[in-house]
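Worksheet for the structure shown next.
The values are calculated or read from the model by the stated rules, or taken from the named source; none is laboratory data. From a predicted model like this one, the values you see are computed outputs, not experimental measurements. Cβ: placed from backbone, ideal geometry, glycine included. Neighbour counts: every protein chain shown. In case anyone asks, the SASA skips ligands and DNA or RNA and just uses the protein heavy atoms, side chains included. Shrake-Rupley method; radii C 1.70, N 1.55, O 1.52, S 1.80 Å.
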Amino acid sequence: MREYPGSVFLADCPARLAIEIIADKWAVVVLFALSREPCRHGELVDLIGGISRKVLTQTLRRLQGYGLVDRHAEAGKVGYVLTDLGRTLVKPIAVLTEWAHEHGAAVVEFQESETDRDLPASPSRPATAV
């Protein structure tokens, strides 16, 4: 792994900016959707399950503010496309997606076991030893 000057613990570290960008619940999903092809707002809403129009608008504006997404208006139609800078995130997002496919079930299994452990014992569900 390449070493960079500064520390991830410093407020002005570029790594912290990267984390801030991708830590948003919808940012990576929107970037991944736009990595496939440019999309209109309504197409993104239909493609991304669970996102409201308002939250999508806010997410797109944030990504535009970082220089990752461009908004294009042609013939009365507005579309969104990744910028060159935005396309540099496609590979890291693909790596995260692959990790999720490989390890997502293990995370869910762990969460379920923790939830079971936190439930109080009942006559039908005896306490488990830790």
If we keep only residues of the stretch 90-107 that are open to solvent by 70 Å² or more (accessible area, probe 1.4 Å) and of a type outside the set (D, E, K, R), then the residue nearest to the chain's Cα centre (by Cα) is LEU96
For the stretch 14-54, which fully contained helices (runs of 4 or more DSSP H) count at least 1 residues that are at pLDDT 95 or above and buried (at least 17 other Cβ atoms within 10 Å of the Cβ)?
27-36, 41-47
Subset of the stretch 60-84 [out of contact with any strand residue (DSSP E or B) (no Cβ under 8 Å at 6 or more places or on another chain) and either surrounded by 15 or more Cβ atoms within 10 Å (Cβ to Cβ) or assigned to a loop (DSSP other than H, G, I, E, B) (or both)]
ARG62, TYR66, GLY67, ALA75, GLY76
